[in-house]
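A.B. asks: A single structure is presented below for examination.
The values are calculated or read from the model by the stated rules, or taken from the named source; none is laboratory data. Remember, predicted model here, so these are calculated numbers, not experimental data. Note: ideal-geometry Cβ built from the backbone for every residue, glycine included; neighbour counts use all protein chains shown.
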Amino acid sequence: MKIFPRWEVQVPERIRKFYPGTLWRGEDKEKVVYLSFDDGPVRDVTEWVCEELKKRDIRATFFCVGENVERNPDIYRRLVKEGHKTGNHTYNHLPAWKCSGKEFFENIGKASKVISSDVFRPPHGQLYPWQVKKLKDRFRRIVMWDVLSKDYDSRLSAEEVRVNVMDNVRPGSVIVFHDSIKSWPRLKQALPAALDFLLKEGYSFKTL
């Protein structure tokens, strides 16, 4: 089993403090987690995720990419119909550190035309601290994460992805998986196992 620095899965508090006004973890008074998915909706993968959640009566938050919503509007509507929350993840997964501020906010605005949401997650977690205030003028919550499953990493096995979640989850954790083609080889085994583990441990699920 490959060992990755823990900060790759759970960002240290000292780094989180550079982004005041963003949400990394929810309330920890109860055994609640916030399950989230990034980068969809993607045909077959997102639909499979919906079925796995439906089996367990779990609601999650899907941070959607605008161009994927345009490609798969029926799947986006299904997310909403089945009680999941959707969030803005830019129009074409644009990282803030690889473009101008103007381009970044225009991309978010373009996504907002097809994604009706009051929550936002920046691709790759990339933000400049000054951008947080401007984002909070548009969104109720700017959501980061407490546990990154790393299901997108081809160096990991499905078991290692599952362990990333099991070993780091705690009350209030915002957990990130990806409903993407890139993550699918690991997601299809890791997600059901992680969900069953969390339920067995007595966790309940809330949306963001």
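A.B. asks: Which numbered condition trips up SER116, out of (1) surrounded by 12 or more Cβ atoms within 10 Å (Cβ to Cβ); (2) over 29 Å from ASP167 (Cβ atoms)?
C.D. replies: (1)
A.B. asks: Answer yes or no as to whether ASP137 is within 26 Å of THR22 (Cα to Cα) and within 16 Å of the chain's Cα centre (by Cα).
C.D. replies: So ASP137 fails the test.
A.B. asks: Just to be sure I understand, how many residues within the range 53-65 are surrounded by fewer than 15 Cβ atoms within 10 Å (Cβ to Cβ) and part of a helix (DSSP H, G or I)?
C.D. replies: Summing the residues that are surrounded by fewer than 15 Cβ atoms within 10 Å (Cβ to Cβ) and part of a helix (DSSP H, G or I) in the range 53-65 gives 2.
A.B. asks: Continuing with this model, one more query. When you scan the range 150-167, do you find a residue that is assigned to a strand (DSSP E or B), of a type outside the set (Phe, Trp, Tyr) and touching a strand residue (DSSP E or B) at 6+ places or on another chain (Cβ under 6 Å), even just one?
C.D. replies: no
A.B. asks: Is it the case that LYS55 is at pLDDT 95 or above, among the charged types (D, E, K, R) and out of contact with any His (no Cβ under 7 Å at 6 or more places or on another chain)?
C.D. replies: Spelling it out, LYS55 is indeed at pLDDT 95 or above, among the charged types (D, E, K, R) and out of contact with any His (no Cβ under 7 Å at 6 or more places or on another chain).
A.B. asks: Mind checking which residues of the range 135-163 are of a type in the set (S, T, N, Q) and under 21 Å from LEU208 (Cα atoms)?
C.D. replies: SER149
A.B. asks: Assess whether TRP130 counts as being of a type outside the set (Gly, Ala, Ser), farther than 20 Å from GLY66 by Cβ and assigned to a loop (DSSP other than H, G, I, E, B).
C.D. replies: In short, no.
A.B. asks: Show the residue pairs meeting these rules: Cβ distance below 9 Å; 6+ apart or different chains; first residue within the range 89-114 and free of Cβ contacts under 8 Å to residues at least 12 places away in the same chain; second residue part of a helix (DSSP H, G or I) and not hydrophobic (A, V, I, L, M, F, W, C).
C.D. replies: Short answer, once both residue conditions are applied: CYS99/ASN107.
A.B. asks: Name every residue in the range 168-207 that is closer than 18 Å to HIS124 by Cβ, under 13 Å from the mean Cα position of the chain (by Cα) and in a loop (DSSP other than H, G, I, E, B), in order of residue number.
C.D. replies: ASP179, SER180, SER183
A.B. asks: Residues being loosely packed, with under 12 Cβ neighbours inside 10 Å and of a type outside the set (Phe, Trp, Tyr): count how many of those fall in the range 119-139.
C.D. replies: 3
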